[in-house]
Amino acid sequence: MKKTIKPYIMLLPAMTILLGIFVAGLSMAFLQSLGYFPTIGLQEFTLNYYKEVLTDHGFLTSLRFSLWIAFVSSSVSVVLGVLLAYSIVKSKHKKGLEEIVYKLPVIVPHVVATLLVYNILGQSGIIARMAYALGFISQQSEFPALLFDKNGFGIILAYVWKGTPFIAMVVYTVLSNMNNRLSEVALNLGATNKQVFWHVLIPLTMPSIFSSFIIIFAFSFGAYEVPFLIGPTAPRALPVQAYAEYMNADLRHRPYTMTINMVLTFISFLCIWIYHKTFKLLNKYNG
Amino acid sequence: MPQIQLKKIHKSFQDKRILNDMNLSIEEGEMISLLGPSGCGKTTTLKIIAGLVEPDQGDILINNQSVLNIPVEKRGAVIVFQDYLLFPHLTVEGNIEFGLKMAKVDKKIRKEKVKEMLSLMELDGQQYKYPNELSGGQRQRVALARALAVEPKVLLLDEPFSNLDLRLRETMREFVCSVQRKLKITTILVTHDKDEALMTSDKIAIMLEGEIKQYGTPLELYKKPISEEVANFFGETNYIIGKVEDGIFKSPLGNFRTTLQNTVKLKAMIRPEEIEVVSVYQETNTKGIITRSRYAGDRMYYMISLKGMEIKSISIAKEIFDVGEEVSLRIDSKNMVFYEV
């Protein structure tokens with residue numbers, strides 16, 4: 001008895017914080033999204049907020065915008081990251097420096113990455129200045145508005161800058177630990193280098209590529225600072241929208257906020273589930 | 001005309017010489033062994049033939065044409081590796097058809113080939129399994145099927161049986177030999193196991209320190225090793241110093257008829273199984289005292305002290321002699337091999 005209960009007791013402090021804050025916060029948000037917010041006199045459970053939010057044009061545009069940003073930035077990061085990792089593995093010379101340099105963006109915070117993008121791509125940024133100095137443009141407004149644009153180009157770029165090295169790091173580790181001799185076998189059986197890449201290396205790294213895709217997808221879908229700083233006013237990214245609703249002085253807006261948050265949470269949980277499934281796939285042939 | 005020829009191959013890795021002036025020719029349909037201790041360059045030789053490693057010097061001819069400039073994927077020399085290296089993400093079927101798929105062979109033909117290979121390798125019904133669901137022997141057969149499916153000009157087997165347990169090893173050895181005979185595919189087997197080489201090969205190349213020391217039929221290598229190092233590699237030996245006078249080899253073990261010219265000093269190699277230990281009452285010219293005896297079921301391993309020499313013998317365990325017992329030795333001199341001293 002003592003033995004079975006001991007690990008739970010020892011886990012208790014950590015679990016209190018983890019479950020306490022997480023579960024309590026989540027249940028409160030859920031209750032409020034259902035219209036239960038006694039502080040301001042809302043006592044009745046209702047699905048009206050969901051109905052309203054899920055049919056609201058503004059919300060749907062924001063959702064689409066967030067999904068677009070997350071999907072495009074994660075996909076581009078995956079492609080670039082895999083190519084980067086593959087070229088580092090393939091490069092013949094010593095790998096001291098390049099192994100460190102490509103990882104640097106991973107440790108830079110997103111806010112700093114945003115500032116970098118702002119300083120480089122803004123209409124008063126470095127590229128714009130260079131274009132002006134070289135005589136390509138004669139005034140600031142002639143430089144294309146890459147930031148704050150409704151396709152989220154600046155946001156995507158910031159996420160790609162952060163995501164690519166992360167993917168590369170994961171894939172590089174997998175690739176360099178992978179049995180190089182499997183490539184030799186494939187070549188020996190008549191595969192070209194390109195075929196080795198597509199038929200051996202990619203399938204074998206696929207589970208890790210996919211799970212790291214999910215990680216950066218979930219992050220860029222739910223994170224708020226980048227679209228807040230360099231995103232357009234319309235459409236707003238979903239997390240920014242949630243933040244704006246939350247900051248609304250009128251507390252009656254709160255259930256809407258929480259509904260948006262629940263949607264964000266639901267999609268994140270979906271990501272976790274997919275992540276979990278890909279690990280099962282990985283174990284299918286490695287177990 | 002030999003199908004495969006290695007001419008003066010040299011290879012070093014980081015100043016360490018692996019292959020030194022290696023020459024070898026293999027006839028079409030032959031099964032030969034590269035036999036040698038680990039680290040003697042056997043696997044490197046296979047990789048050079050396959051095109052996975054480039055030689056520093058020398059040439060490789062397949063069907064009388066140099067293949068040095070033909071990349072690995074077009075060379076048609078396929079290796080079956082010691083640890084099989086099946087693709088873990090592909091099923092048995094996917095593994096077997098891999099080479100054909102890479103060559104963009106029509107799906108229907110691929111399926112036919114897979115079916116043919118599955119039945120040849122006695123793997124029917126296993127095609128949808130992943131490698132981690134197979135036993136060692138099955139993985140081995142899948143690896144072999146995968147290599148044979150591309151119909152290579154040469155099949156290269158890199159210690160293919162060493163990961164299997166003893167009984168399975170024998171079964172697989174027989175199996176591979178029968179497949180080889182059936183398909184008549186030129187095969188090079190790399191092994192450090194001399195029994196394996198002796199039992200499976202048409203010819204054996206003894207490799208020591210990156211060189212081929214002798215190349216010939218199993219019988220030649222065992223009975224007529226050209227040097228002491230080759231003789232030693234094939235197991236226990238006795239060396240006796242003597243001299244030849246008028247067609248007689250005179251030695252402490254006795255006098256034996258020979259066709260050799262007169263010499264002052266000569267060393268004769270004689271295998272332990274050519275020396276039979278018999279009862280002292282049987283009249284022979286050589287007598288000694290047993291100093292060690294080991295019982296091995298059907299055989300007896302003896303060490304006999306004789307005129308200050310230690311002589312090894314392997315005899316049939318019909319009559320058993322004890323340590324300290326005086327015995328007679330019956331020596332069969334026709335398989336003696338002589339070396340200059």
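The values are calculated or read from the model by the stated rules, or taken from the named source; none is laboratory data. Owing to the predicted nature of the structure, the values given are computational and were not obtained by experimental measurement. Cβ placement follows ideal geometry from the backbone for every residue including glycine, while neighbour counts extend to all protein chains displayed.
Values computed for the structure shown
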read-out: Answer residue from the range B:23-40, given it is farther than 11 Å from B:Glu209 by Cα and touching a Gly at 6+ places or on another chain (Cβ under 9 Å) and is surrounded by the fewest Cβ atoms within 10 Å (Cβ to Cβ) among those; value: B:Asn23
read-out: Residue that is farthest from the other protein chains (Cβ to nearest Cβ) [pool: residues in the range A:184-196 that are surrounded by fewer than 18 Cβ atoms within 10 Å (Cβ to Cβ) and not in a loop (DSSP other than H, G, I, E, B)]; value: A:Lys194
read-out: Residue that is in contact (Cβ under 8 Å) with a residue 40 or more places away in the chain and crowded, with 21+ Cβ neighbours inside 10 Å, where the choices are B:Val142, B:Val176; value: B:Val142
read-out: Any hit, the range A:170-183, residues being more than 28 Å from the chain's Cα centre (by Cα), hydrophobic (A, V, I, L, M, F, W, C) and either surrounded by fewer than 17 Cβ atoms within 10 Å (Cβ to Cβ) or within 14 Å of chain B (Cβ to nearest Cβ) (or both); value: yes
read-out: Members of the range B:60-91 found to be over 19 Å from B:Glu28 (Cβ atoms) and more than 10 Å from every other protein chain (Cβ to nearest Cβ), listed by number; value: B:Leu68, B:Asn69, B:Gln82
read-out: Every residue from the range B:179-189 that is under 16 Å from the mean Cα position of the chain (by Cα) and either surrounded by fewer than 20 Cβ atoms within 10 Å (Cβ to Cβ) or hydroxyl-bearing (Ser, Thr, Tyr) (or both); value: B:Thr186, B:Thr187
read-out: Candidates A:Tyr256, A:Tyr246, A:Tyr224, A:Tyr275 - the one that is in contact (Cβ under 8 Å) with a residue 12 or more places away in the chain, more than 14 Å from chain B (Cβ to nearest Cβ) and more than 21 Å from the chain's Cα centre (by Cα); value: A:Tyr256
read-out: Residue match in the range A:149-162 (condition: among the small types (Gly, Ala, Ser), more than 14 Å from every other protein chain (Cβ to nearest Cβ) and farther than 20 Å from A:Val108 by Cα); value: yes
read-out: Qualifying residue in the range A:34-54 (condition: without any contact (Cβ under 8 Å) to a residue 40 or more places away in the chain and touching a strand residue (DSSP E or B) at 6+ places or on another chain (Cβ under 8 Å)); value: yes
read-out: Subset of the range B:139-161 [at the interface with chain A (Cβ under 9 Å from one of its Cβ atoms) and among the β-branched types (Val, Ile, Thr)]; value: B:Val150
read-out: Any hit, the range A:2-10, residues being of a type in the set (D, E, K, R), more than 20 Å from A:Ala244 (Cβ to Cβ) and touching a Gly at 6+ places or on another chain (Cβ under 7 Å); value: no
read-out: Test: residue in the range B:145-154 that is in a loop (DSSP other than H, G, I, E, B), modelled with pLDDT of 90 or more and either within 19 Å of A:Arg181 (Cβ to Cβ) or touching an Asp or Glu at 6+ places or on another chain (Cβ under 6 Å) (or both); value: yes
read-out: Every residue from the range B:278-302 that is of a type in the set (S, T, N, Q) and farther than 15 Å from B:Leu253 by Cα; value: B:Ser279, B:Gln282, B:Thr291, B:Ser293
read-out: Failed item, numbered, when B:Arg17 is tested on (1) in contact (Cβ under 8 Å) with a residue 40 or more places away in the chain; (2) of a type in the set (D, E, K, R); (3) farther than 26 Å from B:Asn232 by Cβ; value: (3)
read-out: Condition check for A:Ser212: over 25 Å from B:Asn95 (Cβ atoms), in contact (Cβ under 8 Å) with a residue 40 or more places away in the chain and not basic (Lys, Arg); value: yes
read-out: Output for the range B:110-137, where each listed residue is surrounded by fewer than 14 Cβ atoms within 10 Å (Cβ to Cβ), within 14 Å of chain A (Cβ to nearest Cβ) and assigned to a loop (DSSP other than H, G, I, E, B); value: B:Tyr128
read-out: Residue in the range B:254-272 that is surrounded by fewer than 19 Cβ atoms within 10 Å (Cβ to Cβ), of a type in the set (Val, Ile, Thr) and in a strand (DSSP E or B) present; value: yes
read-out: Helices (runs of 4 or more DSSP H) contained entirely in the range A:1-118, each with at least 1 residues that are within 24 Å of A:Ala168 (Cα to Cα) and hydroxyl-bearing (Ser, Thr, Tyr); value: A:57-90
read-out: Set A:Ser212, A:Ser208: member being more than 8 Å from every other protein chain (Cβ to nearest Cβ), outside any loop (DSSP other than H, G, I, E, B) and surrounded by fewer than 21 Cβ atoms within 10 Å (Cβ to Cβ); value: A:Ser208
read-out: Some residue of the range A:37-51 being over 30 Å from A:Ile209 (Cα atoms) and touching a Ser or Thr at 6+ places or on another chain (Cβ under 8 Å); value: yes
read-out: Near pairs, Cβ below 7 angstrom, 6+ apart or cross-chain, from the range B:100-124 (assigned by TED's automatic domain parsing to the domain that holds B:Pro152 and without any contact (Cβ under 8 Å) to a residue 40 or more places away in the chain) to any residue that is acidic (Asp, Glu) and in a loop (DSSP other than H, G, I, E, B); value: B:Arg110/B:Glu97; B:Lys113/B:Glu97; B:Val114/B:Glu97; B:Leu118/B:Asp124
read-out: Tally of residues being closer than 27 Å to B:Arg17 by Cα, in contact with a strand residue (DSSP E or B) (Cβ under 7 Å, 6 or more places away or on another chain) and assigned to a loop (DSSP other than H, G, I, E, B) across the range B:193-212; value: 1
